[in-house]
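Structure, as structure tokens:
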Amino acid sequence: MAGRRKLLIDQDTLGPASTNLQSVALLLNAPDTEVLGIGVVTGDHWRDQQVRHALRLLEIMGRTGVPVFPGAEQPLLRTPATTAAWEQRHGKLIYNGAWDLARPGKWAHPRETRDLPEGNPTTAPSAEVAASAYVRLARAHPGEISLWCAGPLTNVALACRLDPEFPTLVRELHFMGGSFRPGTQAREFRHTPRREFNVRFDPEAARIVFRAPWPSVTCSPIDVSNATHSTPGLFAAVARAGTPLAHYLDQFGPRGRPMWDEIAAATWLDASLVTHHDDRFIDVNLDRGAGHGDMLSWVPGTEPGLGEVRARVQQRIDPARFFAAFTALCSR
């Protein structure tokens, strides 16, 4: 189809379904979007297990021509050991993603994989690593590719370091991450409103990304999505489509959970879903104290001028239009 928008997806594809893969499904099913590949990074789970979830989703959707690029297995600097030492000084974190070994379905070895509830994939990932693929594709299509991210930013930081021109070659960066004034009583944000998992899991990578020369940046933070939850009725509406994807979402789609990544995907597809946004310079706190990994932001004109990126920070959406878009795209 002529005029389709080229897109690279960078995601920690925890599955089955989940906010992670449901957002990927939205982007894959958008008729005006050409997904050039999916890069997978360790975040909610280890990279290798998440690669398998992504491959299986593509099989279910009949989209196995979309390559899956394995990305970073670990953050740039943080490790479970350094995180444990930080917690001894500053208190326990609510969520540690792949490192939350006390949670069901988590394990210590990054390359261990286990059977998937939705069935194991029969296809294989690309032999090319994510950062290398991003640079190659950006150079092949300068100014044409949007980079959509909804996991820790390790792969993107590595691409920036691999080729310093990479940020200038993409059309835009649109990422789900960060927290400013989330207005939620969830434990994770009640006392630390600036602390959000995608940024905090690899803050050094976020610093590289937040100081790179992107032509345009959109931030879809917790603030815009934390109050919008999936419902049984939403999945029942999708199930009526009777497609393999609809059956998959009806079986595995999480009920009553915030739709973090789905909103980031839907608002990239249709920016008019956003009813209010803030114009801010953003960065991440790398001081080794209690605020390590927290978001920083400034009104334009008050930023320190150390290279911080200017971003369109989403604040509110039209929920009815979002749910309608989710249902329509997942029913295709």
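What the table below lists for this structure:
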quantity: Helix-only [θ]222 nm of the chain, DSSP H runs n ≥ 4, -39500 (n - 2.57) each, per residue, nearest 500; calculated: -10000 deg cm²/dmol
quantity: Residues W107, W99, sorted so that the one with the fewest Cβ neighbours within 10 Å comes first; calculated: W107, W99
quantity: Ordering of 192-198, 150-156 by burial proxy (mean other Cβ atoms within 10 Å per residue, highest first); calculated: 150-156, 192-198
quantity: Contact order normalised by residue count of the stretch 206-303, Cα under 8 Å, 6+ apart, percent; calculated: 26 percent
quantity: Average Cα contact separation per residue, the stretch 5-330, under 8 Å, 6 or more apart, as relative contact order %; calculated: 20 percent
quantity: Relative contact order (%) - criterion: Cα under 8 Å, at least six apart; region: the stretch 1-155; calculated: 35 percent
quantity: Computed log₁₀ I(q)/I(0) - Debye formula, equal Cα scatterers, no solvent, the stretch 1-97, q 0.11, 0.17 Å⁻¹; calculated: -0.40, -0.76
quantity: Estimated vicinal HN-Hα couplings, Hz - the stretch 264-279 in sequence order (Karplus 6.51, -1.76, 1.60; Gly, Pro = x); calculated: 4, 6, 5, 7, 6, 5, 9, 5, 6, 5, 7, 9, 7, 9, 10, 9
quantity: Ordering of 315-324, 61-70 by packing [mean C-beta count within 10 Å, highest first]; calculated: 61-70, 315-324
quantity: Beta bridges by DSSP in the chain, antiparallel share as percent, to the nearest 5; calculated: 35 percent
quantity: Cα gyration tensor shape of the chain, rounded if a/c is under 1.5, else prolate or oblate by comparing a/b with b/c; calculated: rounded
quantity: Spatial separation of Cα centroids for the stretch 264-332 and the stretch 168-227, in angstrom; calculated: 7 Å
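Taken together, the values in this text are just the output of simple stated rules run on the coordinates, not laboratory data. Given the structure is predicted, the values throughout are model-derived calculations rather than measurements. Neighbour counts run over all protein chains shown; Cβ positions are idealised from the backbone, glycine included.
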